[in-house]
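Only one structure is covered here, and it is reproduced in the block below.
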Amino acid sequence: MQLPSFLRRPRWRSLALLALLLAPLLWPLQQLAERYYLGELLQQNRQTLDLYVANLLGTLRRYEVLPQILGDLPALHNVLRDPQQPGAADEANRLLKKILERTGADSLYLLDASGRTLATSNWDQPDSFIGRNFAFRPYFSEAMAGRQGQFFGLGTTSGKRGYYFAAAVRDGGEPLGVLVIKVDLDRTEQLWGNTPERLLTTDKHGVVILTSHADWRFRATRPLEAGELAEIAANLPYPTRAPQPLQLNPGDWLVQQQHIEETGWTVQILAPRTLLERPVRAVLVSGSAGLLVLMLLLGLLLQRRRHYLERIALDSRTRQELERRVQERTQDLEDLNQRLKQEVLEREQAQQELVRAQDDLVQAGKLSALGTMSASISHELSQPLAAIRSYADNAGVLLDHERYPEARDNLQQISQLTKRMALIIAHLKAFARRDRQAPESVALQPALEDALALLANRRRSLEVALVRDLPDATLWVQAGETRLRQVLGNLLANALDSLADRAPPRRLWLSTQNLDDGRISLSLRDNGPGFSAEALERAREPFYTTKTTARGLGLGLAICDSLVNALGGELLLANQPGGGALVTLNLQPATSAVGAQTVEDYP
């Protein structure tokens, strides 16, 4: 059998043309490789950055509260009250040195009210701080003002970098002086090591204060304004008053950063682009080599195809072998078919079990809904029940003293509270069914007075002073009487709960204002402990509470948030700068409507 000429020799020209057609495939290969290695490099650098930030924060937080705790030591109070007292300064010096050895801080020193150093942990060293005045440092003025002083800078005596924490030493409410602790940051910088990536930390001025590359230290990453230069000259945080710019080509680095809110610093990790270009070039070389190998394999396959056709023409036994293999394959397919039938039967049984499991989940969901409903009703009825108990006890005392008109007023109040309980139950049922009723005009001040009257006995028992800043004119909002009083009662009760754990004086401020968008804003402020970070994040979750189980179920704010959203309003939670919680209720305005009531006000 004679084969055609194109089968007797390889088509090398065709292979060359095919190579030219496949060469553009290297471009998407390069793009995929860059995307993959870029993602890997960014993820690795993000993990490294998170690790270094956590290490830096851990170092600072270890010493943050020490000045406040150590400020109550009697030896420090003695030297501040009478610096000339024999042995007082020596006792304070030795105490500070002993604390320094145990904590691992860089230095501890005590300043009087004028900023002069009275005692220090390095009193016996040549660079002792005794007699030096640090009133120009920001941490001194912040501590004397009652705040925690924090500052980064070089020591004016030692020349070493450090982070300073300062707190006032008080005698009653009067500050006697300031206790300062300096944290050495050189150790933290040394832990960064020498890697291709560059790590640097910049302060609020954009000046590099920590870096794994010594030449970048105390250089500015951005132009400094005149005010910033004046602040640097006043506080002397760096060895120079005019930091030189840091000359970096943005195209040579992959930059990731993380901001530290506590210090105002920004930690950055800079990876050179060569770390990305090298593996990409390796992939391109591998792809080119693969393309070349593919061409060689195609040429070899053409050669083998010619030999294979010759064998087919010369040897008929190949067909017999193929037939035998077909029979074997048929038998394998039959066996496979039997196994597939068995798997289908098992899948049907699994589907039936899944249906049963789904039915069980539906039943469990119903039980969960019933539990949530009962817990909500219990939570909302606790306040009216407490008021009814108080009015009933007062009515009994009034009847014993034959003060019948006043007793009758208490009984009327009990009747009104029972009506309100019926309204709350009706509203919670509608809330569970996701009912939607159109808000109508409601007077804000009477609803607020009603909620305050409900909690009056508890407020008086806690000696909570109420400060009101409400307008004389009635404010009308879009709401419902029951829903609005329910929200206000819950918010006021939560405020009293937070004030219960605080020592007197206890205060509660109520104020309103008109926002720029036309809404009416009601603010409730207290001087309690305020919200924790976790509470601000999870306060609106059902059953989340910071109280004991005997004092709350964690449903109040969740219900209030849902009710306010249904009214088209907004409930905001925050902390005041001076301490205490701030709850803001923003409601849509409405026109005045004398005697207006909504459908939900009737059980």
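Look through Leu191, Leu229, Leu200 and report the one residue that is touching a residue at least 24 places away in the same chain (Cβ under 8 Å), open to solvent by 60 Å² or more (accessible area, probe 1.4 Å) and among the aliphatic types (A, V, I, L, M).
On the way: Leu229 fails: touching a residue at least 24 places away in the same chain (Cβ under 8 Å); Leu200 fails: open to solvent by 60 Å² or more (accessible area, probe 1.4 Å).
It is Leu191.
I need the full set of residues from the range 186-207 which are under 26 Å from the mean Cα position of the chain (by Cα) and aliphatic (A, V, I, L, M), in order please.
Answer for the range 186-207, where residues must be under 26 Å from the mean Cα position of the chain (by Cα) and aliphatic (A, V, I, L, M): Leu199, Leu200.
Against the condition among the charged types (D, E, K, R), open to solvent by less than 70 Å² (accessible area, probe 1.4 Å) and at pLDDT below 85, how does Glu40 come out, does it pass?
Working: among the charged types (D, E, K, R): yes; open to solvent by less than 70 Å² (accessible area, probe 1.4 Å): no; at pLDDT below 85: yes.
So Glu40 does not fit the description; no.
Would you confirm whether or not the range 577-587 contains a residue that is modelled with pLDDT of 80 or more, at negative phi and open to solvent by 30 Å² or more (accessible area, probe 1.4 Å)?
Going through the range 577-587, the residues modelled with pLDDT of 80 or more turn out to be 577, 579-587.
Pick out the ones that are also at negative phi and you get 577, 581-587.
Within this subset, residues satisfying the condition of being open to solvent by 30 Å² or more (accessible area, probe 1.4 Å) are 577, 582.
Looking through the range 577-587, at least one residue is modelled with pLDDT of 80 or more, at negative phi and open to solvent by 30 Å² or more (accessible area, probe 1.4 Å).
In this structure, does Gly528 turn out to be open to solvent by less than 40 Å² (accessible area, probe 1.4 Å) and either over 24 Å from the mean Cα position of the chain (by Cα) or at pLDDT below 80 (or both)?
Values: open to solvent by less than 40 Å² (accessible area, probe 1.4 Å): yes; either over 24 Å from the mean Cα position of the chain (by Cα) or at pLDDT below 80 (or both): no.
For Gly528, the condition - open to solvent by less than 40 Å² (accessible area, probe 1.4 Å) and either over 24 Å from the mean Cα position of the chain (by Cα) or at pLDDT below 80 (or both) - is not met.
May I ask you to list the residues in the range 267-281 that are over 18 Å from Leu32 (Cβ atoms) and surrounded by 15 or more Cβ atoms within 10 Å (Cβ to Cβ)? Don't jump to the end; show me each part of the working.
Filtering the range 267-281 for residues over 18 Å from Leu32 (Cβ atoms) gives 267-272, 274.
Once the filter is applied, which keeps residues that are over 18 Å from Leu32 (Cβ atoms) and surrounded by 15 or more Cβ atoms within 10 Å (Cβ to Cβ), the range 267-281 yields Val267, Gln268, Ile269, Leu270, Ala271.
Condition check: acidic (Asp, Glu) and closer than 16 Å to Gln68 by Cβ. Does Asp171 satisfy that?
Details: acidic (Asp, Glu): yes; closer than 16 Å to Gln68 by Cβ: yes.
The answer is yes for Asp171.
Show the residue pairs that are 6+ apart or on different chains and have beta-carbon atoms under 7 Å apart, the first residue being within the range 476-498 and farther than 26 Å from Thr591 by Cα and open to solvent by less than 10 Å² (accessible area, probe 1.4 Å), the second being part of a helix (DSSP H, G or I) and charged (D, E, K, R).
Correct list of pairs: Leu496/Arg458; Leu496/Arg459.
Does the range 461-480 hold any residues that are touching a strand residue (DSSP E or B) at 6+ places or on another chain (Cβ under 8 Å) and under 26 Å from Asp497 (Cβ atoms), and which are they? Full working, then the answer.
The initial filter retains those residues of the range 461-480 that are touching a strand residue (DSSP E or B) at 6+ places or on another chain (Cβ under 8 Å), namely 462-471, 474-480.
The answer is Leu462, Glu463, Val464, Ala465, Leu466, Val467, Arg468, Asp469, Leu470, Val477, Ala479, Gly480.
Restricting to the range 501-513, and then to whatever is at pLDDT below 90 and touching a Pro at 6+ places or on another chain (Cβ under 8 Å), can you tell me which residue is most open to solvent (accessible area, probe 1.4 Å)?
In this case the residue turns out to be Asp501.
Given Arg278, Arg304, which one is part of a helix (DSSP H, G or I) and closer than 30 Å to Thr211 by Cβ?
Values: Arg304 fails: closer than 30 Å to Thr211 by Cβ.
The match here is Arg278.
Among the candidates Ala350, Ala242, Ala289, Ala313, which residue alone is outside any helix (DSSP H, G or I) and among the small types (Gly, Ala, Ser)?
Numbers: Ala350 fails: outside any helix (DSSP H, G or I); Ala289 fails: outside any helix (DSSP H, G or I); Ala313 fails: outside any helix (DSSP H, G or I).
From the options Ala350, Ala242, Ala289, Ala313, the qualifying one is Ala242.
Restricting to the range 301-336, give me the number of residues that are without any contact (Cβ under 8 Å) to a residue 40 or more places away in the chain and either open to solvent by less than 70 Å² (accessible area, probe 1.4 Å) or of a type in the set (Phe, Trp, Tyr) (or both).
Initial filter on the range 301-336 (without any contact (Cβ under 8 Å) to a residue 40 or more places away in the chain): 301, 304, 307-308, 311-312, 315-336.
Narrowing further to those that are either open to solvent by less than 70 Å² (accessible area, probe 1.4 Å) or of a type in the set (Phe, Trp, Tyr) (or both): 308, 312, 315-316, 318, 321, 330, 335.
The number of residues fulfilling the criteria is 8.
Go over the candidates Gly149, Gly177, Gly172 one by one and state the one that is without any contact (Cβ under 8 Å) to a residue 24 or more places away in the chain and within 19 Å of Asp112 (Cα to Cα).
Working: Gly149 fails: without any contact (Cβ under 8 Å) to a residue 24 or more places away in the chain; Gly177 fails: without any contact (Cβ under 8 Å) to a residue 24 or more places away in the chain.
None of the other options fit; the residue is Gly172.
Test Asp184 against the criterion of being acidic (Asp, Glu), at pLDDT below 90, open to solvent by 20 Å² or more (accessible area, probe 1.4 Å) and under 13 Å from Thr117 (Cβ atoms), and give yes or no.
Details: acidic (Asp, Glu): yes; at pLDDT below 90: yes; open to solvent by 20 Å² or more (accessible area, probe 1.4 Å): yes; under 13 Å from Thr117 (Cβ atoms): no.
In short, no.
Those residues that are under 16 Å from Leu210 (Cα atoms) and touching a residue at least 24 places away in the same chain (Cβ under 8 Å), I need them from the range 232-247; list them, please. Steps first, please.
The first filter runs over the range 232-247 and keeps only residues under 16 Å from Leu210 (Cα atoms), leaving 237-240, 243-246.
Across the range 232-247, the qualifying residues are Pro237, Tyr238, Pro239, Pro243, Gln244, Pro245, Leu246.
List every residue pair whose Cβ atoms lie under 7 Å apart, where the two residues are 6 or more positions apart in sequence or sit on different chains, the first residue falls within the range 94-120 and is farther than 14 Å from Phe165 by Cβ and open to solvent by 20 Å² or more (accessible area, probe 1.4 Å), and the second residue, located anywhere, is of a type in the set (Gly, Ala, Ser) and assigned to a helix (DSSP H, G or I).
So the pair list comes out as Leu95/Ala75.
Could you list all residues from the range 59-77 that are open to solvent by less than 90 Å² (accessible area, probe 1.4 Å), farther than 14 Å from Leu96 by Cα and either assigned to a helix (DSSP H, G or I) or small (Gly, Ala, Ser) (or both)?
Selection gives Thr59, Leu60.
In the range 112-196, which strands (runs of 3 or more DSSP E) lie fully inside it and hold 3 or more residues that are within 28 Å of Thr211 (Cα to Cα) and not β-branched (Val, Ile, Thr)?
Passing ranges, in order: 149-154, 161-171.
Out of all the residues in the range 256-266, which are open to solvent by less than 80 Å² (accessible area, probe 1.4 Å) and part of a strand (DSSP E or B)?
Pass one, the range 256-266, residues open to solvent by less than 80 Å² (accessible area, probe 1.4 Å): 256, 258, 260, 263-266.
The answer is Gln256, Gln258, Ile260, Trp265, Thr266.
The values are calculated or read from the model by the stated rules, or taken from the named source; none is laboratory data. Values in this document were obtained by computation on a predicted structure and should not be read as measured data. We place every Cβ from the backbone using ideal geometry, glycine too, and count neighbours over all the protein chains shown. Remember, those area values only see protein heavy atoms, side chains included, never the ligands or the DNA or RNA. Shrake-Rupley method; radii C 1.70, N 1.55, O 1.52, S 1.80 Å.
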